[in-house]
Amino acid sequence: MEVNKNITTEQKSMNDIITEIEKDFFIGRKHEIEVFQQFIQSDNPYEKVLSIYGTGGIGKTYLLSKYSSIAEENGVLFLKLDSEDFPHTPSGFAEYLLTLLELKTSNVTYHNQNNLQNCFENLEDLAIERRIIIAIDTYEKMDDLDRWFRQLFVRHADSSIFFILAGRQALKGEWKESPAWRRITKQLELKDFSLAQTSSYLSHYGIKNKHHIKSLWQFTEGHPLTLSLAAITDEKPEIDPADQLTENIPQILMELTRRWLLEVKSENLHNLVEAAAILHHFDQQSLSSILNREVSLSKFHELTSLSFIKPTRSDWAMHDLIRDAIRVELKHRNPERFKALSERSAAFYYHKTISTRSRHDIAQFFYHLGDEFIQSAFFQDSIDTTMYFEQVESYNFHEVTDFFEYKKGNVSTSDVQFYNRGTNNSYHFHASLQHNQKELELMNAEYIEKMGKHVARILKNEYGETLGLSILVPINENTLPHLTKEPVSRAFFSRLTESEKKEFAVPEDRNAGWFIRMLDYVDSSNTEARSFSLYNLFPLLLSGGKIIVSTPLPFFQHLLKNFGFQEVPDALHYDYGENYPSSTYILDVSGPKLAVYLKQFTSKDSVSNQIEMITSTFAFTDREVDIVKLILDEKSNAEIASQLYIAEVTVKKHITRILSKAEARNRTQLIKRIMEII
């Protein structure tokens, strides 16, 4: 609302002053404002109800205030109610609405003792001269009055009266199920601020530093309320902004948790929400597993009906900002419960991965191990799920050529930050200009033709635009000779013994493993594309072979070590230049080794507890336990005999009894049985 410039501050009402400040702080929402302007100007008789919805703190109340200002500028009477301000009865609603009419107009008439009838008659009188909008905030709490409001109030309202309903959830029930109500109702979801909108918003707090603005945006994901709380950290100018934010993260997230969980009505549901926050994605089975009790279908439906829970392709997920807030609050308040739920989550996905060999399950296993670096690099919350990989074949090979041509003409330094909200830490990926120039000398379209077009995949967005290129070389009899000669890979493959070469030289229809040669991007700063590409490497862990990587970049070296890769002795090279020593790393997940590999990351039981569990399950003797431990370490019969100072024939007899007790036909089955138990 425009304020008369001739009126002094003393002459202004408190409402005028507050409206001015709100108007000054209002930014963005261009689309939402355009929708509202069309709504109040439209002559379409079927546009009567506008529903705006979004998570707590997304800015619904601010938007309603902006709508009120626009309405008054257009001569529209705007009546704004909050469902928490009146009794949820027809008379309570009518009485509150009449009070608003008295404040907004000077000609309210009481014809009789029936407030509801007085309300309708006054609205009808006012609607003769102007349009009226009745806006109800916090509509999600109107469940007990929803049917009456829809069927008796809205249905019988004058044609010049329009309605805006703002709440945490989209309208459901008859609003959505009835073709008639669905036709006259428009649903509008409020989204978080973009980086540009965040920058504009923070300028009101005097925050102008681009790096600080981006840090705040990453931390808040543009969520307006979180931005407002985080911006307060600038009240101490003598402290570095990043340090201030880190110091205030627990308080900010705990305040958000308190506000968001207002819609959680029971202790039982609250415990369920905490468990769901620990899980990256969840379903009824995973929740039951980590809570050590069956979650009923009714309780699960109650959970998934919360405004901050959304369905995914195969399960459910919590809004990531809310999830992180709840996790930080729980870890701060009850660290033992946080640890227990986290460990059970990792154990659940460990057993699922062994059973299903699913990419989703092994990815979730690594997420729930709690490695902050892995979570930050592989599980960016803002990943665009419409991205996909397209296999390179003859018909699209020209796109590979175009990619390399573009990169050569636009080579630059690569700098990317992978952000972790829970700790406010960022992991910096850096590749120098010299490194990137050398990579383009070593890698080109000819390399892909030599190895076979199937080694390359093009990363694309939903519009089919190229975002990046992935080159993963399967190791077999066709690729092995090239890997032995090509830069970067030759440091490892040229040093193989004849027996090792035979192990890798399998027929083309099989793979002995993979050599991860390159992941590159059109926009080197595209964090989402990088994270999506890394996430899509998880299937390699299920490939049943050896995975080999060679890189001079500290970011990837750190990541590989966190995944349990071993540095290969005598495979260091300088193919990227004398200033870029490149180590080679290997991970062996062939045969039964996957279970052993995954188990090393879990902390569910100590080694002594695991051995005790194996012994009690299969009734192994002490000597048989000694042999089983060596079998798990992949020792041969001869090595076991030497280490235990017994004859090899004795080892064979012990192993025969061990296999019989475990009901296993061979070592592979034995290891699988044991890993399923521990």
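Some notes on this structure:
- Test: residue in region 258-269 that is modelled with pLDDT of 90 or more and under 21 Å from the mean Cα position of the chain (by Cα): no
- Unique match (being of a type outside the set (A, V, I, L, M) and farther than 20 Å from Ala529 by Cα) among Lys438, Lys460: Lys438
- Taking each residue of region 174-185 that is aliphatic (A, V, I, L, M) and looking for partners that are surrounded by fewer than 17 Cβ atoms within 10 Å (Cβ to Cβ) and at pLDDT below 90 with beta-carbon atoms closer than 6 Å, six or more apart or interchain, yields Ile184/Tyr46.
- Residue within region 450-463 that is assigned by TED's automatic domain parsing to the domain that holds Ser394, touching a Lys or Arg at 6+ places or on another chain (Cβ under 8 Å) and either small (Gly, Ala, Ser) or modelled with pLDDT of 95 or more (or both) present: yes
- Options Ser355, Ser345; residue that is over 12 Å from the mean Cα position of the chain (by Cα), in the same structural domain as Gln285 (by TED's automatic domain parsing) and modelled with pLDDT of 90 or more: Ser345
- Val416 meets the conditions (1) touching a His at 6+ places or on another chain (Cβ under 9 Å); (2) outside any strand (DSSP E or B) in every case but one. The failed one is (2).
- Residues that are hydrophobic (A, V, I, L, M, F, W, C), surrounded by fewer than 17 Cβ atoms within 10 Å (Cβ to Cβ) and in a loop (DSSP other than H, G, I, E, B), drawn from region 104-146: Ile128
- Residue list for region 511-551, restricted to those being in a helix (DSSP H, G or I), acidic (Asp, Glu) and under 23 Å from Glu486 (Cβ atoms): none
- So Thr401, is it surrounded by fewer than 16 Cβ atoms within 10 Å (Cβ to Cβ), over 15 Å from Gln218 (Cα atoms) and in the same structural domain as Asp520 (by TED's automatic domain parsing): yes
- Filter pass, Ile290 being of a type outside the set (D, E, K, R), in contact with a Lys or Arg (Cβ under 9 Å, 6 or more places away or on another chain) and in the same structural domain as Glu336 (by TED's automatic domain parsing): yes
- Any hit, region 343-355, residues being outside any helix (DSSP H, G or I) and not aliphatic (A, V, I, L, M): no
- Members of region 628-659 found to be more than 42 Å from the chain's Cα centre (by Cα) and closer than 14 Å to Thr617 by Cβ, listed by number: Ile658
- Some residue of region 397-416 being within 20 Å of the chain's Cα centre (by Cα) and touching a residue at least 40 places away in the same chain (Cβ under 8 Å): yes
- Filter result for Glu508 (of a type in the set (Asp, Glu) and either in a helix (DSSP H, G or I) or in contact with a strand residue (DSSP E or B) (Cβ under 7 Å, 6 or more places away or on another chain) (or both)): no
- Among (1) assigned by TED's automatic domain parsing to the domain that holds Ile33; (2) crowded, with 20+ Cβ neighbours inside 10 Å, the one test that Leu227 misses: (1)
The values are calculated or read from the model by the stated rules, or taken from the named source; none is laboratory data. For clarity, every value in this text was computed on a predicted model and none was experimentally measured. Cβ coordinates were reconstructed from backbone atoms using ideal geometry, including for glycine residues, and neighbour counts include every protein chain displayed.
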